[in-house]
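*Asks:* To start, I am sharing the structure in question, which I have written as structure tokens.
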Amino acid sequence: TGGVSKPQFIFARELSFEARVESLADPDPDGAAYRDRHVRAALDRHIAETLLASLPTLPEPRAPEVAARAESARAMLEQRVGGRSRLVDAAATEGISSDELDAMLRRQAKASLYLDRMVAPMLEPSELELLALHRSGATPFSDKPFEDVKERMLRWYVSVRMAQALETYYQNARSRVSVVTVKRP
């Protein structure tokens, strides 16, 4: 994102944590902590979020707005991995502090705000959209009454749309991104 004069780094334990999150969110876990596919997914997601978070968003989000989106990102992440305790355990396993987790959530918040404002609105679907999706049976919550799962379904839906937008953005930007692995001296 900063070119040769200002390169961006992803540290191994940071990537390990994000890969562990991908593993916990995997609908088809295979028992391992995380696999190569989880590392690749975490790396792609991290790069896409970093690129998007560095782009100018108009109007520029204010600090309370970023903080509110970061809290929404935390709730979505907790839901993706199966609860707060699993997220906290994953962070502890990889030595990620609460400040580092907060920084990751702010990056996700800024990336989501950019996508929502500059690409296509996706952070606040209407209740009608959610109800239609619920009735279609295409959600993990379709077997429960809509009113009981509305908030969890909203987080799930936004999370899925964000993941799709991040993947699409990264695939389009991939040819312009240079990733170099740097070994510790």
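The values are calculated or read from the model by the stated rules, or taken from the named source; none is laboratory data. Note that the structure is predicted; figures quoted are calculated from it, not measured. With ideal geometry, Cβ positions are generated from the backbone for all residues, glycine too; neighbour counts draw on all protein chains shown. Keep in mind that these areas ignore ligands, DNA and RNA; they rest on the heavy atoms of the full protein, side chains included. Shrake-Rupley method; radii C 1.70, N 1.55, O 1.52, S 1.80 Å.
*Asks:* Output the 0 to 90 degree angle, nearest 10, between the alpha-carbon long axis of helix 63-81 and the longest principal axis computed from the alpha carbons of the chain.
*Replies:* Rounded to the nearest ten degrees, it is 80.
*Asks:* How many nm is it between the label spots at Glu78 and Phe11, if each spot is 7 Å from the Cα in line with the beta carbon?
*Replies:* With each label placed 7 Å out from Cα toward Cβ, I get 2.6 nm.
*Asks:* Over the stretch 45-185, with the other protein chains present, what is the accessible area per residue in square angstrom, probe 1.4 angstrom?
*Replies:* For the stretch 45-185, the solvent-accessible area averages 60 Å² per residue.
*Asks:* Pop out the carbon and sulfur fraction of the accessible area of the chain as a percent, whole number, probe 1.4 Å.
*Replies:* For the chain, the apolar C and S fraction of the accessible surface comes to 53 percent.
*Asks:* Could I ask something else about it? Using r as the Cβ-Cβ distance of Val160 and Val182, and R0 as 35 Å, what FRET efficiency do you calculate, to the nearest 0.05?
*Replies:* Working: r = 33 Å, r/R0 = 0.95.
Step by step, r from the Cβ atoms, then E = 0.60.
*Asks:* If you take the C-alpha gyration tensor of the stretch 65-161, multiply each eigenvalue by 5 and take the square root, what semi-axes do you get, largest first, in whole Å?
*Replies:* 26, 18, 9
*Asks:* Turning to a different aspect of this structure: For the stretch 21-82, just run the numbers: alpha carbon Rg, then divide by 2.2 N^0.38 Å, N being how many residues it has. Don't skip to the end; give the middle numbers.
*Replies:* Numbers: Rg = 14.6 Å, N = 62, 2.2 N^0.38 = 10.6 Å.
Dividing the Cα radius of gyration by 2.2 N^0.38 Å gives 1.38.
*Asks:* Another one. Work out the FRET efficiency for Ser126 and Thr93 from their Cβ-Cβ distance, taking R0 = 30 Å, and round it to the nearest 0.05.
*Replies:* 0.15
*Asks:* Can you give me the angle between helix 84-94 and the longest principal axis of the chain, using Cα atoms only, in degrees from 0 to 90, rounded to the nearest 10?
*Replies:* Approximately 10 degrees, to the nearest 10.
*Asks:* Sorted by accessible area (1.4 Å probe), largest first, how do Lys183, Lys144, Lys6, Lys150 line up?
*Replies:* On the way: Lys183 165, Lys144 85, Lys6 130, Lys150 50 Å².
These residues rank, largest area first, as Lys183, Lys6, Lys144, Lys150.
*Asks:* Next up: Equivalent ellipsoid semi-axes for the stretch 1-107, as square roots of 5 times the alpha carbon gyration tensor eigenvalues: give them largest first, rounded to whole Å.
*Replies:* Working: eigenvalues 116, 64, 30 Å².
Whole-Å semi-axes of the equivalent ellipsoid: 24, 18, 12.
*Asks:* How long are the semi-axes of the equivalent ellipsoid of the stretch 115-175, taking √(5λ) for every eigenvalue λ of the Cα gyration tensor, in whole Å from largest down?
*Replies:* Details: eigenvalues 136, 29, 14 Å².
Gyration-tensor ellipsoid for the stretch 115-175: 26, 12, 8 Å.
*Asks:* Using θ = phi - 60° and the Karplus relation 6.51 cos²θ - 1.76 cosθ + 1.60, list the HN-Hα couplings for the stretch 35-51 in order, rounded to whole Hz, with x at every Gly or Pro.
*Replies:* 10, 4, 5, 6, 5, 4, 4, 5, 5, 4, 5, 4, 5, 4, 5, 5, 4
*Asks:* Calculate the tail of P(r) for the chain: the fraction of all Cα-Cα distances greater than 27 Å, expressed in %.
*Replies:* On the way: 5095 of 17020 pairs.
Roughly 30 percent, once rounded to a whole number.
*Asks:* Among Glu14, Glu167, Glu124, which one shows the highest mean-square fluctuation when the chain is modelled as a Gaussian network with alpha-carbon springs under 10 Å?
*Replies:* Glu124
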